[in-house]
Amino acid sequence: MTGQDRPGLIGRDRARLWHPYAPASPDLPLWEVEAADGVRLRLRGEDGIRHEVVDAMSSWWSVIHGYRNPVLDAAARRQLESFSHVMFGGLTHAPAVELAERLVDMAPSAPGRPGLERVFLADSGSVAVEVALKLALQFQSTSGHPLRQRFLSIRGGYHGDTFAAMGVCDPVDGMHSAFPGLLAGNVFAPRPPAAASATPETVGAWASVLADIAAAHSGELAAIIVEPLLQGAGGMHAYPPECLNVLRNVADRHGLLLIFDEIATGFGRTGELFAADHAGVVPDIMCVGKALTGGYLTLAAMLCTGEIASTVSRGQAGALLHGPTFMGNPLACAVANASLGIIGDGGWRADVARIGAGLETGLAPALALEAVRDVRTIGAVGVIELHNAVDVTAVTAAAIRQGVWVRPFRNLVYTMPPYISTAADIEQITAGMTAAVAEVHGRVVHERVPARAGGAA
Ligand SMILES: *Cc1c(COP(=O)(O)O)cnc(C)c1O
């Protein structure tokens, strides 16, 4: 930029704003979004050149019904004309009550198992996780187990960026190893074997290590917290549904609460409404977020059993000790109700199956690239795993030239497309991802190995 020029929007951004997990830098790669509609974003680069791209990320897994969705737009407008916000202390309103009823109706259930019937509305996924952890501690101390203060998690997890949530993320690979002294000393079991290559023996071996760790620490553990079936931001690692039964049994044997963080997996993404439903397992506490409002507004929720709610309410504190200013925001709840209404129509199931099949076919050719270690799909999630770290800036730019928006991390280029993506959109996404990896990380093609041979560790 030369002295007199008024900087463009991107320059003004770089001078004033922080972006996620980014340095405050005059060189930060950024694209301006000028418009968004359906599955498409119109981007403007620093050079002024415009690109129309398919959003392969659903804006971090949230915009499942697409941008400017007429049903969600109408719900937001209707609520705006009524009221946008009121405090939730001592007041209530129809959008929050309806949302709680919808969530309880949809939540995983099984005969003979207490259902999830009480809902705490939070303003982000991380906060919902904080509330879940806090509730577990309050439950244990009220139940006569004040020494149960730690959490058991599995390696490779991601549960958010606030302090308690960071403390249950992967302790090494997480983005949070910069805060060693501040993170509580939680207990970690190995991650379960990869779904694609798991055998009864590897699952059994994992289960026995988990059982030993739980037994060794049972007197000091309050709860187990995991992302069921698919570890997202910790590495896009899918594991077998049987592992959820193992977690349920270990929790029951040692008096631990089982917390499922369904913030990434909830609302159909893995092919069932919740990832827990693949195993018919009901957790004691569940967190949802991300796609809850179809990506329109920030909202998350924590659900728990009636027994946990009544126990904590009888405790010394007489309350669950949390209450965000914007708790139960009516505008967000109204849009969430509209989004869950679309989910309730049931079309997502065929969409996710169709998208999953398209991702599997479309990404298969990437396995022939020398740089690629594994290609995998689960539900409407498609992952290209490289042997080495992705050149994020170069791959992002190459994908944009192919008409696709992706946000790779570590050694992963992945997609979680909106459920409204057409077959042509999915072809554009998979071809664009593959071409971008080939362009940046080398076109050398190796002898085509049988699919899955190099499965993820
Ligand atoms: C994104 C995510 C969170 C954190 O949600 P925020 O809304 O970003 O705070 C927690 N857990 C999982 C599994 C997530 O994917």
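How big is the antiparallel share of DSSP beta bridges in the chain, given as a percent to the nearest 5?
Roughly 70 percent of the beta bridges in the chain run antiparallel, per DSSP.
Through the Karplus equation 6.51 cos²θ - 1.76 cosθ + 1.60, θ set to phi - 60°, convert the phi angles of segment 300-317 into ³J(HN,Hα) values in whole Hz; use x for Gly and Pro.
9, 8, 10, 10, 9, 6, x, 5, 4, 4, 6, 4, 5, 6, 7, x, 4, 5
Determine ³J(HN,Hα), in whole Hz, for all residues of segment 339-346 in sequence, where each value follows from phi through the Karplus function 6.51 cos²θ - 1.76 cosθ + 1.60 and θ = phi - 60°; x replaces Gly and Pro.
5, 5, x, 5, 4, x, 5, x
If you take the Cα Rg of segment 242-281 and divide it by 2.2 N^0.38 Å, with N the number of residues, what do you get?
Ratio of Cα Rg to 2.2 N^0.38 Å: 1.21.
If the chain between ALA216 and ASP47 were fully stretched, how many nm would it gain, using 0.36 nm times the residue separation less the Cα-Cα distance?
Full-extension gain reported as 54.9 nm.
What's the extension gain from ASP345 to VAL33 if we count 0.36 nm per residue and subtract their Cα-Cα distance?
109.2 nm
Looking only at segment 173-286, where both bridge partners belong to it, what percent of the DSSP beta bridges are antiparallel (to the nearest 5)?
DSSP beta bridges in segment 173-286 are roughly 25 percent antiparallel.
Express in nm, to one decimal, how much length is gained between SER310 and THR202 on full extension, taking 0.36 nm for each residue of separation and deducting their alpha carbon distance.
34.9 nm
Hey, what do the phi angles of segment 38-52 turn into as Karplus ³J(HN,Hα) couplings, whole Hz, using 6.51/-1.76/1.60 and θ = phi - 60°, x for Gly and Pro?
x, 9, 10, 10, 9, 9, 10, x, 4, 7, x, 7, 9, 9, 9
So if the hydrodynamic radius of segment 333-457 is defined as the Kirkwood radius over C-alpha pairs, what does Stokes-Einstein give as its diffusion coefficient at 37 °C and 0.692 mPa s, in µm² per second?
Answer, rounded: 217 µm²/s.
Show me 17-24, 330-337 ranked by packing, highest mean number of other Cβ atoms within 10 Å first.
My ranking of the peptides, most packed first, is 330-337, 17-24.
Identify the trypsin sites (Lys or Arg not before Pro) of segment 1-55 meeting these criteria: DSSP loop state and at most 16 other C-beta atoms within 10 Å of the C-beta.
Here no trypsin sites (Lys or Arg not before Pro) fit, given the DSSP loop and packing criteria.
Apply 1/(1 + (r/R0)^6) to the Cβ-Cβ distance of ALA178 and HIS322, taking R0 = 22 Å, and write down the FRET efficiency to the nearest 0.05.
Efficiency, from the Cβ-Cβ distance: 0.25.
How long is segment 159-263 along each principal axis, judged by its Cα atoms, biggest number first, in Å?
38, 32, 21
Give me the log10 of I(q) over I(0) for segment 271-375 at q = 0.14, 0.15, 0.18 Å⁻¹, as the Debye formula computes it from C-alpha points; what are the numbers?
-0.82, -0.90, -1.07
GluC sites (Glu not before Pro), restricted to segment 56-130: which are DSSP loop and have at most 12 other Cβ atoms within 10 Å?
Counting only loop positions with at most 12 other Cβ atoms within 10 Å, the GluC sites (Glu not before Pro) in segment 56-130 are GLU81.
Let me check against my output: what whole-number percent is the relative contact order of the chain, with C-alpha pairs under 8 Å and at least 6 apart?
20
Would any residue of segment 18-37 have its amide N under 16 Å from a label point 7 Å out along Cα→Cβ of ILE10? List them or say none.
Inside the label zone: 19, 25-35.
Note down the nm distance, to one decimal, between modelled labels 7 Å out along Cα→Cβ at THR92 and at ALA353.
Going from the THR92 label point to the ALA353 one covers 3.8 nm.
For the chain, how big is Rg over Rh, using alpha carbon atoms and the Kirkwood form of Rh?
Dividing the radius of gyration by the Kirkwood radius yields 0.97.
If you wrap segment 1-104's Cα atoms in a convex hull and average its projection over all directions, what's the area in nm²?
10.5
Here, each number is a calculation from the coordinates, and none is a lab measurement. Keep in mind the model is a prediction, meaning the values are calculated, not measured. FYI the Cβ positions are ideal-geometry reconstructions off the backbone, even for glycines, and counts take in every protein chain you see.
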